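The structure appears below as structure tokens.
The values are calculated or read from the model by the stated rules, or taken from the named source; none is laboratory data. All of these numbers come straight from a predicted model, not from anything done at the bench. Methodologically, a virtual Cβ is constructed for each residue, glycine included, from the backbone with ideal geometry; neighbour enumeration extends over all protein chains shown. Accessible surface is based on the protein model in full, side chains and every heavy atom, while ligands, DNA and RNA are left aside. Shrake-Rupley method; radii C 1.70, N 1.55, O 1.52, S 1.80 Å.
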Amino acid sequence: EMEAGSGDVAQGRSWEAILCICEHLGVQDLSAVSCTCRTWHALSREPAFWSRLDLRGLALPEKALGQLLTPRFAHATLLAIQFCDKLLDSHCALFPPTLREVALDGCHRITDAGLDTIAARCRELRKLSLYWNNNVSDKGVLKVALFCRRLTDLSLSGCHHVTSNGILCIAAQLKGLTSLDLTRLPLVSDTALSAIAQSCTQLQELRLYADSQFSGAPILDIAAHCPQLRLLDCTGHNRMTDDALKAVARGCPRLTSLTLSWATRLTDAGIVAIAEGCSDLRLLSTHGVLGITDASILALGKHCKALEVLDVRGCTAAASREPEKLREIIPSVKGFIVHT
């Protein structure tokens, strides 16, 4: 059947649709479909066919990465290698310089030396994810900040050796960031986070999950300098204050996702301000915040007509916290769990 329609498949929107499908396939799957018929084999010769290389679950990096230097992958723009303990710093020298997105989540043997190589080779990077890379420190972050100046999306989630010094380098060099994940970075100070807020004013997503060391001060700076913010995760910020939250409501009216689970100092004053100032809110979690009452839920029902997910479990002072009652007050809500 594929052969019969080969003339149509390779043209116009059909070709675009095939490329969209290919973006969601791993390298092994791409190799398999390229052998199904002459049409697919012909398409596999196009550089765009191999532009996004998903190597997640990679067992033998030498064999697969060795092919990255071949003409087939000369125009690759995305490389994802996740949770591969056999990936070494030396393999980074095989990464195509055309890469725009790199994900090395959970590749624990990648160190600052590997990041140095990536930064030197892939200077056009727009997105870099280093989730749970235990051997990455300020030294590697500095090289990335210096050489990959077009970076817009950076995840350092769980890179617990990164300190305020590394974050200050990011603030100084990567002012075009729109997404930053600083989850579980206990060595980062209020001062460093404030520097991010003051420099990276185009931020749309900021994840600060489990960074309980932060006070409300850098949140005030975020509110003052990041008006385009749409997602803010302050889970576990037990020093967060209502005043800081009020500032967010005033300064970040485009917020659609706000996570405040276990931000135990908050009360209705902060949440009501958010409801009044951020009417486009789609997701809100105040899981475990004991200062929340029905006043907050009623305010959300009045002002946030598009709210789809509301997690108020553990807010024992709110009599209307059960799903059935929440639906009566906020009919748009369909989900009630953010954190498990």
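Set the Förster radius R0 to 35 Å, insert the Cβ-Cβ distance between residue 85 and residue 303 as r into 1/(1 + (r/R0)^6), and round the FRET efficiency to 0.05.
Step by step, r from the Cβ atoms, then E = 0.10.
How far is helix 12-22 tilted off the main Cα axis of the chain, in degrees rounded to 10, range 0 to 90?
Tilt of helix 12-22: around 70 degrees.
Please report how far the C-alpha centroid of segment 157-173 lies from that of segment 263-340, rounded to the nearest whole angstrom.
That distance is 33 Å.
Roughly how many Å² of residue 73 are accessible to a 1.4 Å probe, to the nearest 10?
Number for this one is 10 Å².
Once you sort the root eigenvalues of the Cα gyration tensor of segment 75-160 as a ≥ b ≥ c, which label holds: rounded (a/c under 1.5), prolate (a/b larger than b/c) or oblate (the other case)?
rounded
If you count only protein heavy atoms and use a 1.4 Å probe, how large is the accessible surface of residue 75, to the nearest 10 Å²?
110
For segment 203-214, what does the Karplus curve 6.51 cos²θ - 1.76 cosθ + 1.60, with θ = phi - 60°, yield as ³J(HN,Hα) per residue in whole Hz, taken in order and with x for Gly and Pro?
4, 10, 9, 9, 10, 10, 4, 6, 9, 5, 6, 6
Considering every Cα-Cα pair within segment 115-238, what fraction, in whole percent, is farther apart than 19 Å?
Here the tail beyond 19 Å accounts for 39 percent of pairs.
What would the Debye formula give as log10 I(q)/I(0) at q = 0.06, 0.10, 0.11, 0.16 Å⁻¹ for the alpha-carbon point model of the chain, no solvent?
-0.27, -0.70, -0.81, -1.18
What does the charge add up to near residue 283, with Lys and Arg as +1, Asp and Glu as -1, over the other residues with Cβ less than 15 Å from its Cβ?
Summing Lys/Arg as +1 and Asp/Glu as -1 gives +2.
Using heavy-atom solvent-accessible surface (probe 1.4 Å) with all chains present, what is the largest-first order of 332, 212?
Highest to lowest solvent-accessible surface, that is 212, 332.
Between segment 75-105 and segment 200-248, how many Å separate their Cα centres?
31
I'd like the accessible area for residue 188, computed on protein heavy atoms only with a 1.4 Å probe and all protein chains in place. Round to 10 Å², please.
Estimated to the nearest 10 Å², residue 188 gives 0 Å².
Using only helices, what value at 222 nm comes out for the chain when you add -39,500 (n - 2.57) per DSSP H run of length 4 or more and divide by the total residues, to the nearest 500 deg cm²/dmol?
For the chain, the value works out to -10000 deg cm²/dmol.
Among 16, 205, 322, which one moves the most in a GNM of the chain with springs linking Cα atoms closer than 10 Å?
16
Given axes a ≥ b ≥ c from the Cα gyration tensor, I'd like to know whether segment 264-330 is rounded (a/c under 1.5), prolate (a/b larger than b/c) or oblate.
Cα axes put segment 264-330 in the oblate bin.
Scan around residue 252 for amide H atoms under 5 Å from its own, H built in the peptide plane at 1.01 Å from N, and keep only partners 5 or more places away or cross-chain.
Here the answer is none, since no amide H 5 or more places off falls under 5 Å of that of residue 252.
Using a 1.4 angstrom probe on the protein heavy atoms only, line up 175, 143 by accessible area, largest first.
If we order 175, 143 from most to least accessible, we get 175, 143.
Select from 301, 231, 272 the residue farthest towards the positive end of the dipole of segment 227-314; place +1 on Cβ of Lys and Arg, -1 on Cβ of Asp and Glu, and compute about the Cα centre.
Checked the options; the winner is 231.
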